Amino acid sequence: MTVRSLSLMRTLRHWWGFKLTPLGRYLVLSTLLAGLGTVTVEIPIYMICCLLLAMIGTAEMIGLCLRTRVDVSGQLPEKMNAGDSITTMLQVRNRSRRPAYDIMAALPGLPADVTHEDADVYVPHIPGRGAATLPVTLRATQRGFLRIPELRVHSTFPFNLMRVQYGQLSPHSVTVLPTYHLLDHLDLPVTHRYQPGGLSVSAGTGHSPEYIGNREYVPGEPASRLDFRAWARLGKPIVREYMEEYFCRIAVILDTFVPRRRARNPQGFPDLEAAVSLTAAVSDSLRQGDYVIDVFAAGPELYVFRTSGGTTHFDAVLEILACLEPCRSDPFDEVGPVVSEELEAMSTAICIFLDWDEPRRRLCETIREAGCSLKVIIVRDGPTTLAGNADTAEVQQISPEDIRAGRIRQL
């Protein structure tokens, strides 16, 4: 395709996607139909075609003649929840002495799962050197990392047929977080294990080391534990001794494996979306307790995130869950070794699976053999691939619809 052809396609896409209003598109289609009568001047319909062309040309000329310069300020949201609407108030300031009429905002090229709910809202009049507030409400139906195109402030004066751009905001990215329902109770068989690294592992959980006395220095110990006063008094290196820290460390393992034979519908994969929502609910419930949480999520890449509680860390977990994509190849070959390396310090593992088969069963056995308590949740409608439940773990099967409807209050 030649450069000229590409330029022509971009121009046509700009005119059809932005320049023409919905009413203007209907008028252009009517003009094309009326243009069939221009084959001969003996058919009066050609006069209709000329009239429609005159209307389009007049609207464009008046719009350009009355065009003013405006400054647009405002910040679109960086995060939002799937299914929720967020409104941003734009400040539009008229820099010209001429008034501006019928000022609106448009987001041409918006992703299919994001809607501009107040695209028809407009400011009838902004006086010269004046300012006005213009709302922009966005609603995203699915989680993910989205690229919001350039926001254009324009006028449709005088006939609401053509858009004349007055100002713009740069493209913006927004993370659509998964929606979830809070759990009233999460039943976990938890124990405490020694965490090498002490407070560096559990920063923010509220633990502090307990001083129990002094002893002689052993080569290789950190210099920060040296007690210089005791060293000066006794004439040999002395270190402070603390009680070792024991915490409950929980692994949350999310299964994102969707076989290639399954086709994706416009809403994604319902069981995967429900599993992501349940993982968010479980993580939210765990952050209320005194836990160190490791989130393992296998997508096209393996995500491992450790949090020690708190809103900031939980927000990071939601961002990871928002960007997860279904894995089309079996990820348990990658998940297994990574989880195995951490099992010695794990107290409990919560596995949220989309099915129950041999690879998942082997992963659960590996977790149990390492001495970890285990809780398995299968998000699925209908029977699993491997008949029956594992006899080495507590297994609970939940319907994706129950998760979406918020009927799961306890686990």
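No lab work stands behind these numbers, since they all come straight from the coordinates. Keep in mind the model is a prediction, meaning the values are calculated, not measured. Neighbour counts are summed over all protein chains in view; Cβ atoms, including those assigned to glycine, are modelled from backbone coordinates with ideal geometry.
Placing unit charges on C-beta atoms (Lys and Arg positive, Asp and Glu negative, everything else neutral), compute the dipole magnitude of the chain about its Cα centre in debye, rounded to 20.
On the way: 42 positive and 46 negative charges, 470 e Å.
Its charge dipole is roughly 2260 debye.
Once the Cα atoms of helix 311-322 and of the chain are each reduced to a long axis, what angle between those two axes, in degrees from 0 to 90 to the nearest 10, is obtained?
Once rounded, one gets 60 degrees.
Let me know the Kirkwood hydrodynamic radius for the chain, please, with Cα pairs as the basis and the value in Å to one decimal.
Details: mean 1/r = 0.0377 Å⁻¹.
Across the chain, the inverse of the average 1/r is 26.5 Å.
More than 24 Å apart: what percent of Cα pairs in segment 246-404 qualify?
Details: 3550 of 12561 pairs.
Roughly 28 percent, rounded to a whole number.
Given contacts defined as C-alpha pairs under 8 Å and at least six residues apart, what's the relative contact order of the chain, whole-number percent? Each step should come with its number before you reach the end.
Values: 802 pairs, mean separation 54.6, N = 411.
Taking the mean separation of contacting Cα pairs over the length of the chain, I get 13 percent.
Round to a whole angstrom and tell me the spacing of the C-alpha centers of segment 310-339 and segment 82-156.
A separation of 35 Å, based on Cα centres.
Helix 45-65 versus the longest principal axis of the chain: what is the Cα-based angle in degrees, 0 to 90, to the nearest 10?
Roughly 60 degrees between the two axes.
Could you please report the charge total around Tyr101, scoring K, R as +1 and D, E as -1 over all other residues with beta-carbon less than 14 angstrom from its beta-carbon? If you can, show how the numbers build up before the last one.
Numbers: positive: Arg67, Arg98, Arg163; negative: Asp102.
Neighbourhood net charge equals +2.
Taking every DSSP beta bridge that has both residues in the chain, what percent is antiparallel when rounded to the nearest 5? Kindly include the intermediate steps, with their values, before the conclusion.
Numbers: 49 of 77 bridges.
The antiparallel proportion sits near 65 percent.
Compute the angle between helix 270-286 and the longest alpha-carbon principal axis of the chain, please, reported from 0 to 90 degrees and rounded to the nearest 10.
Once rounded, one gets 50 degrees.
Which lysines have a Cα lying under 25 Å from the Cα of Lys236, excluding residues fewer than 8 positions away in the same chain?
none
Give me log10 I(q)/I(0) at q = 0.14, 0.18, 0.19 Å⁻¹ for segment 1-177, Debye formula, one equal scatterer per alpha-carbon, no solvent.
The Cα Debye sum returns log10 ratios of -0.85, -1.15, -1.22.
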